[in-house]
Amino acid sequence: ALPGREELGRRLDLASRDLPFRPGAFDPFLASVERSRDLRPLVPGDLAETLAGQRISLLLQPLGDLWLGLIPLTGVPEQGSDAELRALADAQGLRFLDLRAATAGLLGRFLSETLGRTLVLGLAIVLVLAAGLRDARRLLRVLTPMAIALTLDFSLMVWVEGAVSLFHLVSLLLVLGLAIDYSLFFNRPVTGGEERKRTRLSLTVCAVSTFATFGLLALSGIPVLHAIGSTVAFGNLLAFLMAGLLARSEDLPRSAAGPSEVS
């Protein structure tokens, strides 16, 4: 495909006419083109350790005995472009892939699956708590703060972020676990004021440390880390506050801490 030296020379003379280049300025270029005729074909291995090789490896991949080439399109108009591109792809044996639509569809399926499994998980947690507590009032005191915290956290993420993503929903599962722990510990029977104070102090330390850890993630500029950090940090705080506000206030009678309980 390279033109001969004489033909290329004529084209250069025509292109550089009336331009202030000295005679022979393009002789090294002519010699380089001539040497290129005898070079062996360039293969991806020749570029393995170069920046160009890294860029090419993202666009060109081996596929059995063939090579799969990815050609990103830029500057494509929004309206009416899909049909024309798909028609061109069918005519040339190519495959047109709308990355935005494909990614949105993939995340949409993940989102729907996560919602469905979260509901199943929530039902399982309620059944386990009901079997373990065996008291409708205690079960209600445990579930109410959890439900309020999750609802407020979800609403806050929608209000602040504009929408919730898959990472927000996955993070809500961690908030769910924290809310259950806070509710169970706040509502466990205690034998006096000192034990209640120790319980509240321990839970406060846990809540503050968790908020500080995930609060740092919320300050990250990486969207995934920001989504996880903000969801868990605020959800943890809400779960702690709701569990503390709605906790039982009565103590376990002194007689309940007798030999039968110790044994």
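Numbers below:
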| read-out | value |
| --- | --- |
| Whole-percent pair-distance distribution, where bins are 5 Å wide, for the alpha carbons of the chain | 1, 5, 8, 9, 9, 8, 8, 7, 7, 6, 5, 5, 5, 4, 4, 3, 2, 2, 1, 1, 1, 0, 0 |
| GluC sites (Glu not before Pro) restricted to region 1-55 and DSSP loop, no more than 16 other C-beta within 10 Å | E49 |
| Value at 222 nm in deg cm²/dmol, rounded to 500, when DSSP H runs of n ≥ 4 in the chain each add -39,500 (n - 2.57) | -22500 deg cm²/dmol |
| Selection from Q61, A243, P72 lying farthest towards where the dipole of the chain points positive, charges on Cβ | A243 |
| Span-rule helices in the chain, defined as complete DSSP H runs reaching 18 Å or more along the axis (Cα) with Kyte mean at least -0.5 | 99-133, 136-161, 166-186, 193-218, 223-245 |
| Cα→Cβ-extended label distance, 7 Å offset, between A102 and Q54, nm | 2.4 |
| Tensor-based shape of region 14-110 (alpha-carbon gyration tensor, a/c under 1.5 rounded, otherwise prolate or oblate) | prolate |
| From the C-alpha gyration tensor of region 111-166, square roots of 5λ in Å | 26, 15, 4 |
| Virtual spin-label span in nm between S32 and D46, 7 Å along Cα→Cβ | 1.4 |
| In region 1-31, the trypsin sites (Lys or Arg not before Pro) that fall in loop regions by DSSP, at most 13 other Cβ within 10 Å | R17 |
| Per principal axis, descending, Cα span of region 31-72 in whole Å | 35, 24, 20 |
| Area projected by the alpha carbon convex hull of region 44-157, averaged over all directions, nm² | 14.4 |
| Restricting region 1-84 to chymotrypsin sites (Phe, Trp or Tyr not before Pro) in coil, as DSSP defines it, with at most 13 other Cβ within 10 Å | F21 |
| Listed residues A233, A179, A102, most fluctuating in the chain (Gaussian network, C-alpha, under 10 Å) | A102 |
| Of P23, P145, P223, the one that fluctuates the most in a GNM where the chain has Cα springs shorter than 10 Å | P23 |
| Fully extended contour minus Cα-Cα distance, from W67 to E195, at 0.36 nm per residue | 39.1 nm |
| With every protein chain in place, region 138-183: carbon and sulfur % of accessible area (1.4 Å) | 77 |
| Two-site FRET efficiency, L121 against I222, from Cβ-Cβ distance with R₀ of 25 Å, rounded to 0.05 | 0.40 |
| Hull volume in cubic angstrom per residue (convex hull over the Cα atoms of region 119-211) | 103 |
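The values are calculated or read from the model by the stated rules, or taken from the named source; none is laboratory data. Computed from a predicted model, the values in this text were never measured in an experiment. Using ideal geometry, Cβ is built from the backbone for each residue, glycine included, and neighbour counts are taken over all protein chains shown. Ligands, DNA and RNA are excluded from the accessible area calculation, which covers all protein heavy atoms including side chains. Shrake-Rupley method; radii C 1.70, N 1.55, O 1.52, S 1.80 Å.
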